[in-house]
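The values are calculated or read from the model by the stated rules, or taken from the named source; none is laboratory data. Only a predicted model underlies this, so the values are computations on that prediction, with no experimental measurement involved. Every residue, glycine among them, receives a Cβ derived from its backbone with ideal geometry; neighbour counts consider all protein chains shown.
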Amino acid sequence: MCDNNCSTTIGESSREQKNREQKRDIFVRRSKVEGYRSRAAYKLIEINEKFKVLKNSISLVDLGSAPGSWSQYISRNFKNIKLLSIDLKEMEEIDNTYQIIGDFTAKEPQKKIKDYFKSKIDVVLSDMAQNTTGNKNLDVFSVTELCKEAMFFAKNILKNNGSFVCKIFMGSTFKEIMTESKLIFKQIKVFKPSSSRKDSKETFIVCKFLR
């Protein structure tokens, strides 16, 4: 029987439950204190601490950047960078960041990206994921397709010693992603930051050095 200390109260909506869980989430609280737009910033911080993909004086693209916490972290912490952020949604401006609203797989946005950099770049980042449907297999498939598109984009725009960081969901398509990445990159690592929610299927691939 449930008492007043139950984690979910009777009649509580999913939105209310999510809001309550976020209040308990240390990374949500920390992001508010430190001025990041979402807790996702801490995933990139952990990834960079472990794999050193970011540094001063590099050029990079943040795919699916909204609401912008990854671009915020980069803009705040690295000097002389050339950073382009692209998303289907408009987001508030971030210092030292060139923003495009659009689909990075479409010809016109890709032309804008190439025109902006005018040469190969150092890093491609992607924390993209479509809204979850509740169907785990469908969600895994959707994120896999986004990752593949981002990987093919990275293959065409990265320098030979460039790096690619991308969100994936663990599931039936994991081997497919690993097979594709090994055809394109020489070094592939899989990493789940501690700031990812424990019940989330998300993890990240960190790829370096084009073949």
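Remarks
- Qualifying residue in region 84-97 (condition: over 24 Å from residue 39 (Cβ atoms) and either within 14 Å of the chain's Cα centre (by Cα) or modelled with pLDDT of 95 or more (or both)): no
- Region 179-208, subset free of Cβ contacts under 8 Å to residues at least 24 places away in the same chain and within 20 Å of residue 155 (Cα to Cα), residue surrounded by the most Cβ atoms within 10 Å (Cβ to Cβ): 188
- Residue within region 130-149 that is hydroxyl-bearing (Ser, Thr, Tyr), more than 25 Å from residue 49 (Cβ to Cβ), without any contact (Cβ under 8 Å) to a residue 12 or more places away in the chain and surrounded by fewer than 19 Cβ atoms within 10 Å (Cβ to Cβ) present: yes
- Counting the residues of region 177-211 that are acidic (Asp, Glu) and within 24 Å of residue 26 (Cβ to Cβ) gives 2.
- Hits in region 1-52 (condition: modelled with pLDDT of 85 or more, assigned to a loop (DSSP other than H, G, I, E, B) and of a type in the set (A, V, I, L, M, F, W, C)): 40
- Leading residue by the ranking (modelled with the lowest pLDDT) among those in region 147-169 that are more than 14 Å from residue 62 (Cβ to Cβ) and within 14 Å of the chain's Cα centre (by Cα): 169
- Residues satisfying the stated conditions in region 117-143, i.e. touching a helix residue (DSSP H, G or I) at 6+ places or on another chain (Cβ under 6 Å) and more than 22 Å from residue 89 (Cβ to Cβ): 121
- Qualifying residues in region 162-178 (those that are among the hydrophobic types (A, V, I, L, M, F, W, C) and assigned to a strand (DSSP E or B)) - the one surrounded by the most Cβ atoms within 10 Å (Cβ to Cβ): 165
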